[in-house]
1. Under 5 Å between amide hydrogens, which residues at least 5 positions from Gly91 or on another chain qualify, with H placed 1.01 Å from N in the peptide plane?
2. If packing is taken as the average count of other Cβ atoms within 10 Å, what order do 110-118, 20-28 fall into, highest mean first?
3. Taking H as built 1.01 Å from N, whose amide H comes closer than 5 Å to the amide H of Ile20, not counting residues under 5 places away?
4. Full-extension gain between Glu115 and Ile24, please, as 0.36 nm times their residue separation minus the C-alpha to C-alpha distance.
5. Report the Stokes-Einstein translational diffusion coefficient (µm² s⁻¹, integer) for the range 21-133, Rh taken as the Kirkwood radius over Cα pairs, at 20 °C with viscosity 1.002 mPa s.
6. Which trypsin sites (Lys or Arg not before Pro) does the range 1-79 hold that lie in a coil by DSSP with at most 15 other beta carbons within 10 Å?
7. What's the center-to-center distance, using Cα atoms, between the range 1-67 and the range 97-115 in Å?
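Read the figures in this text as sums done on the coordinates, not as results from a lab. Keep in mind it's a predicted model, so treat the numbers as computed, not measured. Glycine gets a Cβ as well: all are built from the backbone with ideal geometry, and neighbour counts include every protein chain shown.
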Amino acid sequence: MLVKNILKEKMTKGVPVFGIWNTIASPIVTNVLAVGGCDFQILDLEHGPFILNHIHEHVSASESENCSLIVRVPSNQDWQILQALDQGAHGVVIPHIDTKKEVDNAAKYTKYYPEGERGFTPFSKPGGYTNTC
């Protein structure tokens, strides 16, 4: 079952949202922040000691309390953005973007074909871990 992106739903309706920056690499802390009533939290992979292949644990800890998880990737690289989104992040923050070309690349990395270059697999959290598309 795919989880709703609560943050996106609220923003689409014009509802104010409240969030927090998280640099503590513990899914328990992520869950506590979500329990505290945040609509979203941003995991900072650039400055926090997070391990990329454990992002899904933070996503689950946050989503369990209807709190969207956003990941700040260390840089504008397609594989980092893909990993964050494929582990279920509801969005990404991409630092160090200074040119239009970098903006265009970031957009391509976050969107599926034909709008972008992000690869799709149904065998991931956003794909529902299923073999049906």
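1. Val71
2. Top to bottom by mean Cβ count within 10 Å: 20-28, 110-118.
3. The list, which skips near neighbours in sequence, is Phe40, Gln41, Ile42.
4. Here the answer is 29.3 nm.
5. 149 µm²/s
6. Details: sites: Lys4, Lys8, Lys10, Lys13, Arg72; in loops: Lys4, Lys13.
For trypsin sites (Lys or Arg not before Pro) across the range 1-79 that sit outside H, G, I, E and B with at most 15 neighbouring Cβ atoms in 10 Å, the list reads Lys4, Lys13.
7. Each part reduced to its Cα centre gives a spacing of 23 Å.
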